[in-house]
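The values are calculated or read from the model by the stated rules, or taken from the named source; none is laboratory data. A quick note: this is a predicted structure, and the numbers were derived from the prediction, not measured. Ideal geometry is used to build each Cβ from the backbone, glycine not excepted, and the neighbour counts take in all protein chains shown.
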Amino acid sequence: MFKRSKRGKAFTVIAAAGALSVTLAACGGSDDSGSGDSGGEDTATEETTEETTEESGGDEGGDSGAPVAVSLITKDQTNPFFVAMIEGANEAAAANGVDLTVGSGKEEGDDQGQIDLIENAIAQGQAGILITPMSVNVNDAISRAREAGLYVIALDTPTDPPDVVDITFATDNCLAGQAIGEWAAGKLNGEKAVIAELVIFDDRVVSVDYCRANGFLQGMGIDVPTLEDMTSAADSGSYTTGAGGEYEIACLEATGANEEGGRKGMENCLAANPDINVVYTINEPTAFGAAVALEAAGKTVGEDVIIVSVDGGLAGVEAVKAGTIQATSQQYPLLMASLGVEAIKTIADGGAPPENTSANGEFFDTGVTLCTDDPMDTVVSAPQESAQYCIDNAWG
């Protein structure tokens with residue numbers, strides 16, 4: 001039987017990080033374009049809006065009269081999810097008189113780029129940081145920022161462990177994965193599932209990666225012994241959601257969470273097993289690439305194979321309406337970012353910090369909706385809405 005690529009590698013990395021027992025999502029654990037760790041010099045992209053942070057550094061709140069300075073640090077500035085997040089933060093900054101610095105790594109996996117931006121925020125004496133953390137490799141820099149007095153909020157991607165930051169504003173990514181898994185099991189209605197998993201990385205541990213992927217498997221009713229290890233589920237066995245049936249995991253491919261990676265990953269999966277009929281994708285750009293590869297192989301998406309995903313950007317939910325993606329879990333990055341800016345401004349002005357609102361009390365939940373024009377009774381973890389509803393509420 002074909003073995004998933006680099007089986008067990010993620011487990012090894014997180015065991016070394018000492019974070020196996022720490023999780024963040026309701027289904028048992030915690031939470032997107034390019035790949036590889038660029039590192040090195042001049043890896044970060046940064047721009048400042050409102051007044052410059054050099055002018056507003058130091059004591060941002062209280063009696064100084066200077067605007068509150070905040071950094072938003074995303075994984076990149078090309079993925080529509082992060083573009084929407086930046087838009088939401090800019091709007092909130094303008095409305096609240098916040099001096100916002102926006103920066104990112106050069107690509108998904110550029111840990112050093114994010115570390116450099118965190119150090120810049122510390123040096124400038126900013127009030128706080130909003131960050132979609134790249135991986136556990138940025139934890140030490142985040143800890144230094146908090147020790148320096150900055151309030152740090154993780155957006156979308158929880159840190160591992162979660163208490164590295166002050167609070168996380170996020171979709172429950174494990175629940176988002178669970179919803180599309182429940183939908184896929186219902187759609188199969190007892191048919192054998194031959195599954196392709198298109199994830200972000202196979203060489204590092206990122207909570208959004210393992211939580212969405214393993215949440216998907218759990219939603220199908222497949223046992224996942226270790227949430228943080230994307231290869232811990234058995235390669236074959238039975239899924240139990242809905243009518244239940246047999247399953248086989250044909251492949252697990254790292255894609256960098258982008259369209260080209262999705263196409264290449266899907267080609268590799270089809271080479272390993274041409275009978276794939278269920279494709280899990282980390283996000284919708286990955287799904288678009290997978291659809292191209294499937295069509296080139298003579299597969300009809302929606303008939304021969306179903307594609308499920310997570311994010312819910314405008315292009316993604318339009319693809320649901322068009323039939324390129326059959327179901328996707330929608331989240332709300334503008335809300336995450338705008339609430340984050342407002343929270344740091346409130347704290348800098350002497351107000352109370354935000355409190356967790358998730359069912360498990362571990363993060364501030366900004367919600368998730370399953371978008372599909374083919375609703376399934378098996379979906380119990382999130383509300384189901386039509387593609388048009390999700391288009392009307394989409395970002396990007």
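Elements of the type strands (runs of 3 or more DSSP E) sitting completely within the range 150-223 and holding at least 1 residues that are of a type in the set (D, E) and buried (at least 24 other Cβ atoms within 10 Å of the Cβ): these cover 193-199. Scanning the range 333-364 for residues that are buried (at least 23 other Cβ atoms within 10 Å of the Cβ) and closer than 30 Å to A290 by Cβ turns up P333, M336, A337, F363. When the range 170-203 is filtered for residues that are over 29 Å from T378 (Cβ atoms) and under 14 Å from the mean Cα position of the chain (by Cα), only F201 remains. Of all the listed residues (I344, I276, I282, I249), the sole one being closer than 29 Å to V152 by Cα, over 21 Å from the mean Cα position of the chain (by Cα) and among the aliphatic types (A, V, I, L, M) is I344.
Within the range 143-167, can you find the residues that are over 20 Å from V98 (Cβ atoms) and β-branched (V, I, T)? Across the range 143-167, the qualifying residues are T157, T159, V164. With respect to being in the same structural domain as A291 (by TED's automatic domain parsing), surrounded by fewer than 22 Cβ atoms within 10 Å (Cβ to Cβ), of a type in the set (G, A, S) and within 26 Å of E303 (Cα to Cα), S381 falls outside the description.
Candidates in the range 224-236 are the residues that are small (G, A, S) and part of a loop (DSSP other than H, G, I, E, B); of these, the one that is surrounded by the fewest Cβ atoms within 10 Å (Cβ to Cβ) is A234.
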